[in-house]
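Worksheet: one structure, shown below.
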Amino acid sequence: MDLHNKKLTMDEYMAQRAEVLTHWPTGKGLDLDEAFAYQKAIPQHKRFSDKLAKAHKAKTTLIQPRAGVPVIEEHIKLLQYLETKGEADLLPTTIDSYTRLNRYEEAEVGIRESIAQGKAMLNGFPGVNHGVAGCRQVTESVNVPVQVRHGTPDARLLGEITMAGGFTSYEGGGISYNIPYAKSVSLERTISDWQYCDRMIGIYEENGISINREPFGPLTGTLVPPCMSHSVAVIEALLAAEQGVKNITVGYGQCGNLVQDIAAIRSLELITNEYLMKYGYEDVLVTTVLHQWMGGFPQDEAKAFAVISWGSAAAALSHATKVIVKTPHEAMGIPTMEANAQGLRCTKQVISMLTDQWLPEQGVLEQEIAIILEETRSIVDRVIELGEGDIAQGSVRAFQAGVLDVPFAPSRFNAGKILPARDNDGAIRLLDCAALPFSDSLKAFHKDKIAARAKAEKRDVSFQMVIDDIYAISKGRLVGRPR
């Protein structure tokens, strides 16, 4: 495949689009001009990009849940409940797993079974099967902006249908919706498919319609060091901007150490803007999202609320533009709508109390920001170097070389050689830097941090630290201390 970071021409996009729309009957006859007219009629207060821009300017943090069920009427009921009882500022439509794999026939069966049995038989909303009309029923039913959240390596048809269906934000990316989600899908394929999605959003932008794009920040959500998630976010922002995207939300999954989490969100906005400006994308608005703890949760609901509150505090004190909220049923599977709303209200209360508080960027916070920036620059610069200036080519080669390496990812195109573990303060460091292009001083920094923890715990540095840390929060601690 001839992969390059180059904007698709209108002819290239339309030729590919003609083929994409044949993948399922709901794509047939989908008219772009009609979609543009529909999007332009959406009121400003229901536009994701507008609401994010206002929150970014005011340095306030918006709250957003995850949510999706297969039957339109039930999905509307769920979203309306989360808007009113959960006080959500922004709403999602989480797509089901069959649709994420482009298995629309099985999604269709799931819809029928859900209706027949009176309960959800899919773990999300099959947007492709419901088509443009079904999506518009959903987006018209609420009074706040709605985003498509999924996990789809090839999200082209889903994008066409949902954008025409009135959603005003689209999540994902060619790396972040491949490496953490798929085993055998090539990066060349997914980066190319997501160039199409970004070009689609760019064309909406060129027609006076701002659609928000959000690369998936947490990746695997398990001990991912900020520098790795930041590097992927910067790369996907650059790829999107080349295709004409103007409103980008870069994300990060809460790690649990308050200083590191605040430093991560603040450095993420800085580094993304830095590279966008460096490569000439000067008219892109960058906002941030913090995902509350993505790892194991306590089963006890009161303890789960403590984890949610801690993530809320990190989002508020870092002034993330929005926060993706967890629920007290996280350890037990799909939450009830009541539990989902409780997580939202808990988050909103914490954020409201911390709205006027600000941690100055001095001392350890300033040092942590500097470390994350240095690490991220070293990775992104090496990616660009490997691609001889082309970040799409560079990304593929960087994964081959282990320069990009996501912990605990299922993809066979990911080296899986870096080993993250917590230091004695609970910040995520690297027990093994593997092939990351770090300076000797950065490698020594990580080695010293892990050694200091080992000394405090009176044990040797080992892989057991990694295992202990993965399960720590579900057992009531942040750092996996030996018993």
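Per-residue ellipticity at 222 nm from helix content only, as computed over the chain with -39500 (n - 2.57) for each DSSP H run of at least four residues, stands at -16000 deg cm²/dmol.
Taking every protein chain into account, the 1.4 Å probe leaves Arg477 with about 120 Å² of accessible area, to the nearest ten.
Rolling a 1.4 Å probe across the protein heavy atoms gives segment 1-131 an accessible surface of 50 Å² per residue. Between helix 48-58 and the chain there is an angle of about 40 degrees, using the helix long axis and the longest principal axis of the Cα atoms.
Within the accessible area of segment 301-405, the carbon and sulfur atoms contribute 53%, probe 1.4 Å, all protein chains present. For segment 296-372, the list of GluC sites (Glu not before Pro) that fall in a loop by DSSP and count at most 16 other C-beta atoms within 10 angstrom reads Glu361. Can you tell me the 0 to 90 degree angle between the C-alpha axis of helix 226-242 and the longest principal axis of the chain, rounded to 10? Approximately 30 degrees, to the nearest ten. For segment 218-239, list residues with backbone N below 18 Å from a point placed 7 Å from the Cα of Tyr471 toward its Cβ? Under cut-off, by backbone N: 222-223.
Taking each residue as 0.36 nm, the span from Asp33 to Leu101 lengthens on full extension beyond its C-alpha to C-alpha distance by 21.6 nm.
Atom-type composition of the exposed protein surface of segment 111-163 places 46 percent of the accessible area on carbon and sulfur (1.4 angstrom probe). Pairs of Cα atoms in segment 63-213 fall into 5 Å distance bins, from 0 up to the last occupied one, in shares of 2, 10, 19, 22, 20, 15, 8, 3, 0 percent. Sorted from longest to shortest, the spans of the Cα atoms of segment 131-239 along the three principal axes equal 39, 25, 25 Å. What residues from segment 80-99 fall in the zone where the backbone N is under 18 Å from a label point 7 Å along the Cα-to-C-beta line of Asn143? Zone members listed by number: 80-92. Pairs of C-alpha atoms in the chain farther apart than 32 Å represent 36 percent of all such pairs.
Each residue, Ser309 and Glu19, gets one label point 7 Å from its Cα in the Cβ direction; the gap between the two is 5.5 nm. In this structure, the pairs whose alpha-carbon distance is over 23 Å, taken from Lys28/Lys51; Lys40/Lys85; Lys54/Lys322; Lys46/Lys348, are Lys28/Lys51; Lys40/Lys85.
Estimated at the nearest 10 Å², the accessible area of Met337 is 50 Å² with a 1.4 Å probe. Against the longest principal axis of the chain, how steep is helix 463-472, in degrees 0 to 90 to the nearest 10, with axes from Cα atoms? Roughly 60 degrees, rounded to the nearest 10. Computed with a 1.4 Å probe over protein heavy atoms only, the accessible area of Glu140 comes to about 110 Å². Counting only protein heavy atoms and a 1.4 Å probe, segment 279-388 has 43 square angstrom of accessible area per residue. Of all DSSP-defined beta bridges confined to the chain, some 15% are antiparallel rather than parallel. Candidate cross-link partners of Lys303 among the lysines, defined by an alpha-carbon separation under 16 Å and a same-chain spacing of 8 or more, comprise Lys326, Lys475. Spacing of the modelled spin labels on Glu366 and Lys278, each 7 Å from Cα toward Cβ, amounts to 2.3 nm. Charges were assigned to the Cβ only: +1 to each Lys and Arg, -1 to each Asp and Glu. The resulting dipole of the chain about its Cα centre is roughly 1260 debye. Using equal-weight Cα scatterers in the Debye expression, the normalised intensity of segment 45-119 in log10 at q = 0.19 Å⁻¹ is -0.86.
The values are calculated or read from the model by the stated rules, or taken from the named source; none is laboratory data. All values reported here derive from a predicted model rather than from experimental measurement. Please note: Cβ atoms are built from the backbone with ideal geometry, for glycine as well, and neighbour counts cover all protein chains shown. What goes into the accessible areas is simple: the full protein's heavy atoms, side chains included, and nothing from ligands, DNA or RNA. Shrake-Rupley method; radii C 1.70, N 1.55, O 1.52, S 1.80 Å.
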